[in-house]
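The block underneath contains the structure these notes are about, expressed in structure tokens.
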């Protein structure tokens, strides 16, 4: 059999995607590099931008603190090794901190890598690995052949099943329409708005350090200086004088001492004229939009789309947090929980989410008023069984 025939032939006795082998036929066994610099993106977008940090932290904390529920054959399972693993992922982290890190990684990079440690096919510990250090090893059938983790000059590889991609690494990712191996996070989508916001903050900081007003113009008074210019020595002394005595917040308002027939003319351009405040607010709204976060919750003036904070919080849960939580649970169920038992179903306790109480009250009111339903049917409709 020729090389290309063997390359594009499906694995005998196993189902595989008909186009899986077309993804990267000439890069088998090699790492597929990430399309962006995660470290720079996180440093500029998460560590230096308060709007992006607030959006990501709020979403991650709320997702991480929703209680897990486990079901089997329609009945809730109260005690199971899989449930214990999700609630106590490793000795160093609590449930909340661990899953907050997972969600933060998803929002920042679009990817989260969980290393499963344990005997046999049932893991006893979960560890979150840094996404900027992980690379996917290209597989022949549209699934990863393995993963490579790099720290400095040291590397570690994990192999996966050639057809299913199952292995000791659970790769959870957000959808990306332009990459076969990596997800796309909202932080990348908000990159331009984050740059605008950071630039506006840097401008305001520089403005504050220079006496809260833009630079003026120094001109030579011809009545006091016949030559109409400064000598090289005068120019150097004047430059040093400005840098040492008239730059910084501590020197704001200090009188300017001029010599050699110099005259100071203020440019009279204020930050209000340059509309930097509105640009900051506009950039903040775009950042919030990328994360699905209602701008009203950020305290931006003029954002009164929602009638009150309660409705804004409900919209955040229904449009952003719950869809992310449901997708996360589905991925964890498939890659981790099903290692214990493929009949297990992972869910969450909606009754413990206070932000969703208006939705529950509305449902209960409508069910209570439905006279054509029996008591058993009403209990089933609100999720309490027969």
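Extending 7 Å from the Cα toward the beta-carbon at both residue 157 and residue 238 defines two label points whose distance is 6.6 nm. Computed with the Debye formula from one identical point scatterer per Cα of segment 44-179, without solvent, the log10 of I(q)/I(0) at q = 0.12, 0.22 Å⁻¹ comes to -0.58, -1.42. For the peptides 92-99, 185-192, 348-355, the ranking by packing is 185-192, 92-99, 348-355, with the highest mean count of neighbouring Cβ atoms within 10 Å listed first.
One chain, two ends: residue 150 and residue 309. Fully extended at 0.36 nm per residue, the span grows by 52.8 nm beyond their Cα-Cα distance.
Here the extension length gained between residue 343 and residue 53 equals 100.6 nm, from 0.36 nm per residue of separation less the Cα-Cα distance. Ranked by the mean number of other Cβ atoms within 10 Å per residue, highest first, peptides 323-331, 108-116 order as 108-116, 323-331.
FYI, it's all coordinate maths here, none of it is from the lab. Note that the structure is predicted; figures quoted are calculated from it, not measured. No Cβ is skipped: glycine too gets one built from the backbone with ideal geometry, and neighbour counts run over all protein chains shown.
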